[in-house]
Amino acid sequence: MTATRLDIHQLITNQIIAAIESGAGEFKLPWHRSGADLSQPRNIASQSVYRGINVLTLWLTAEAKGYPSGLWGTFNQWTALGAKIRKGEKASLVVFYKETIPSKIDETVDKKSCRIARATPVFALEQVEDYAPEISALEPDPSHNINCEAEAFIKKTGAIILHGGSAAYYQPANDGIHLPVKNAFIASESSSAEESYYATVFHELIHFTGRTDRCDRDLTGRFGTSAYAMEELIAELGAAFLCSHFKISSAPRKDHAQYLANWLSVMKSDKRAIFSAASQASRAVDFLLDDRGS
């Protein structure tokens, strides 16, 4: 009997759909991070942060299992450090793509680029023993100043930000980001008024990257009438990634609850949709963090 091939796209998409639907009507998505859960998932061997869909899947597992460290590694990587995986611990899966010219195309292959998705099992720091991480790997520098770093980052993007009015939006016609004045933002249960402001700026900055001469993000070909909602999903994810980078709480935006049914519908009909959105969000974040602007 031929073994059934693991459909990693469907598996992870189903996990994210289940996490969203478990909210029981509460608009709190799996990527909304509170101040206590801001760790960017990082590989223990390379110290590189995970990107795209892997950020979401590892956040989901960390939240469900209570793994605050954000440090992950394969069995061999932990073993090389002298650590042992605790008996009975189950691995989480991360996805990497391998460029190839396949002899035949199947459901695991991106037909445009001939990339095959490969699932790799990883374990969190909390699942191993006989390993003591450096404190600096787990805790932020106490001298870290969120406001200064966030303000410097926003300035370096070169984006024009206009304050006034009651709405937050990116306007392609003048290539400007429009925001209410800072003191118009209010605190929520999970974030301060200041954090709400910066999270909103980050969201609009992701929209700012979509222009042709930046990340050239045209979603109409794949998502059709859902393209606008998918752009909002990309901005949601990108803002969450930036909030994690700058240790700023990522609170739910109630004005985006209207897109929830659309996002779920697209994900249920297209198992690669959330992969594409997460990849586009990471690309936008990379563009903004590349010290461009003044």
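The values are calculated or read from the model by the stated rules, or taken from the named source; none is laboratory data. These numbers come from a predicted model, not from an experiment. Cβ placement follows ideal geometry from the backbone for every residue including glycine, while neighbour counts extend to all protein chains displayed.
Here are some notes:
- Residues that are within 22 Å of the chain's Cα centre (by Cα) and of a type in the set (Val, Ile, Thr) were ranked within the stretch 178-202; the one that is surrounded by the most Cβ atoms within 10 Å (Cβ to Cβ) is Val201.
- Taking each residue of the stretch 63-78 that is at positive phi and looking for partners that are surrounded by 16 or more Cβ atoms within 10 Å (Cβ to Cβ) and basic (Lys, Arg) with beta-carbon atoms closer than 6 Å, six or more apart or interchain, yields Gly70/Arg42.
- Search result, residues across the stretch 185-234 that are assigned to a loop (DSSP other than H, G, I, E, B), under 25 Å from Lys156 (Cα atoms), of a type outside the set (Lys, Arg) and in contact (Cβ under 8 Å) with a residue 12 or more places away in the chain: Phe185, Ser191, Ser192, Thr209, Gly210, Cys215
- The stretch 208-225, residues that are modelled with pLDDT of 90 or more and not aromatic (Phe, Trp, Tyr): Thr209, Gly210, Arg211, Thr212, Asp213, Arg214, Cys215, Asp216, Arg217, Asp218, Leu219
- Which listed residue, of Ser166, Ser249, Ser265, Ser269, is surrounded by 14 or more Cβ atoms within 10 Å (Cβ to Cβ) and polar (S, T, N, Q): Ser249
- Pairs with Cβ under 7 Å, 6+ apart, first in the stretch 85-113 and under 23 Å from Asn43 (Cβ atoms) and among the acidic types (Asp, Glu), second assigned to a loop (DSSP other than H, G, I, E, B) and modelled with pLDDT of 55 or more: Glu99/Cys114
- Total residues in the stretch 1-39, condition at pLDDT 65 or above, out of contact with any Phe, Trp or Tyr (no Cβ under 7 Å at 6 or more places or on another chain) and not charged (D, E, K, R): 17
- Failed item, numbered, when Glu236 is tested on (1) more than 27 Å from Phe185 (Cβ to Cβ); (2) within 12 Å of the chain's Cα centre (by Cα); (3) not hydrophobic (A, V, I, L, M, F, W, C): (1)
- Trp59 meets the conditions (1) surrounded by 15 or more Cβ atoms within 10 Å (Cβ to Cβ); (2) at pLDDT below 90; (3) within 21 Å of Ser282 (Cα to Cα); (4) touching an Asp or Glu at 6+ places or on another chain (Cβ under 9 Å) in every case but one. The failed one is (2).
- Condition check for Leu205: under 23 Å from Ile53 (Cβ atoms), at pLDDT 95 or above, buried (at least 21 other Cβ atoms within 10 Å of the Cβ) and not assigned by TED's automatic domain parsing to the domain that holds Leu56: yes
- The requirement of being of a type outside the set (A, V, I, L, M), farther than 26 Å from Cys148 by Cβ and not in a loop (DSSP other than H, G, I, E, B) is fulfilled somewhere in the stretch 244-254, by at least one residue.
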